[in-house]
1. How long is region 169-224 along each principal axis, judged by its Cα atoms, biggest number first, in Å?
2. Label-point separation (nm) for Y55 and E7, each offset 7 Å from Cα along Cα-to-Cβ?
3. How many percent of all Cα-Cα pairs in region 316-402 sit more than 23 Å apart?
4. Semi-axes of the equivalent ellipsoid for region 262-418, please: Cα gyration tensor eigenvalues, times 5, square-rooted, ordered largest first, whole Å.
5. Given points 7 Å out from each Cα along the Cα-Cβ axis, report the R26 to A314 separation in nanometres with one decimal.
6. Count the DSSP beta bridges whose two residues both fall in the chain, then state the antiparallel fraction as a percent rounded to the nearest 5.
7. Let's test the formula: R0 of 41 Å, r as the Cβ-Cβ distance of N208 and R256. What FRET efficiency results, to the nearest 0.05?
8. Mind listing the long-range amide H neighbours of H111? Cut-off is under 5 Å, sequence gap 5 or more, other chains count too, H placed in the peptide plane at 1.01 Å from N.
Amino acid sequence: MTTGLDESARALLEANTQTADLDGRRFRFTVPSVRDYPFQWFWDSCFHAIVWSRYDAERAADELRGLLAAQEPDGLIPHVVFWKGDLVSRLQWHHLESRTSGRIPFHRAPHTTAQMQPPVLAQAVERVVDAGADGFLAEALPHLERYYRYLAAFRDHDGDGLISIVSQFESGLDFSPAYDDAIGVRRPRPASLLARTRLPQLRNKLANYDLDTIFRRFRHHQEDVLVNAVYGQGLRALARLAGRAGREAVARWATRTADQVTTALVERAWDERTGLFVNLAGPDERRASVKTIHGLMPLVLPDLPPEIVDRLTAHLDDPRTFGAPFPVPSVALDEPTFIRDHRLHGFRFIWRGPLSLNTNWFLVHGLRGHGHDGIADRIAARSREVVERGGLNEFYDPLSGRPVGAERFGWATLVVDL
Ligand code: GLC
């Protein structure tokens, strides 16, 4: 059944579609926002593919093909693909997120960043395969295997089962107060926030994004709870896909690695006092002290112990923390750093309070998997309400439901999949 929301979602994904030609192939993808984010983004495209898979399996597969084509020899799939060589793309690319050498010159587009984003690719491939995209399983599986093996081999530098990000832009939740402490921001002000979030990227660039050097020399890397929860969920999807393709050894490896992720999150990142998970910063794994949406994200893991599921779920009913009138805020309401808008003193700083439909999507499906349908239905209903009232936006104010952030924003279309 198609609803009015489905029609709006499909129309937006269509309107934000761009094409690019490379080596005789044509790529099609949806940009997150034509005005604010006019490139192909990794986790945005995974979400777009999930929504496309409801309408058009081939278009959904195409959304991911651009990402697969951008895979690096080591297995990394970068967080942004700049398909065009125009000035805006060049400036963005030079803006710290690229490697400094060993890269193809810009006139041979596409160029990519040297960073990752939350690894939601296997979940997206599974949805596209389920939707019936012909031959896509065989096409995507070798890429998926290389990608998740890259994460396990190069990102888990201390071998504890959790992977590390080397800048907060890799978490997908850039500027979240979850990172303030680790980067030395005590009183968040635009100038210090901007300078201190960019400093780790400058160090990364000086190290030419060499992960060994970064892990050995610097302290700004983090074991991020959201990234690891999505990683664990992705490994389970990879295991199912590999099983379907008769690749038993890959399926066993992915299952074993996923088991380790859940065990490590519970042993190392669970905070009994607050009843939330916390990020672990630097080589000494300092625990973040701010209650942010990261802390709830392990709900996406099917093997999370039930007593932990219950404590996390309790937060969604708690009006002091995450039980906002329009759930789920990206920062707990009782945190001094919580803001309703995507702006701090007039400057754009996102993920410091407003709700986003991609994190709602993860949580709704996670809650359903644990049998908490009541709360899941409530979050889904409120999500539809904010979209019906305010359109498909990047963020919404969790106190009033007012749309904030970029308009006509791609992953808000996940609202049809709750
Ligand atoms: C912002 C978000 C990131 C997203 C990107 C494009 O940087 O924090 O998660 O991928 O915009 O939409």
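Just so you know, all these numbers are worked out from the coordinates, no wet-lab data involved. Note that this is a predicted model, so its numbers are computed, not measured. Reconstructed Cβ throughout: ideal geometry from the backbone, glycine too, with neighbour counts over all protein chains shown.
1. 32, 21, 17
2. Here the answer is 1.2 nm between the modelled labels.
3. Details: 673 of 3741 pairs.
Considering region 316-402, 18 percent of its Cα-Cα pairs are separated by more than 23 Å.
4. Here the semi-axes work out to 25, 19, 13 Å.
5. My value for the distance between the label points is 5.7 nm.
6. For the chain, the DSSP antiparallel bridge percentage is about 100.
7. Approximately 0.80, to the nearest 0.05.
8. F82
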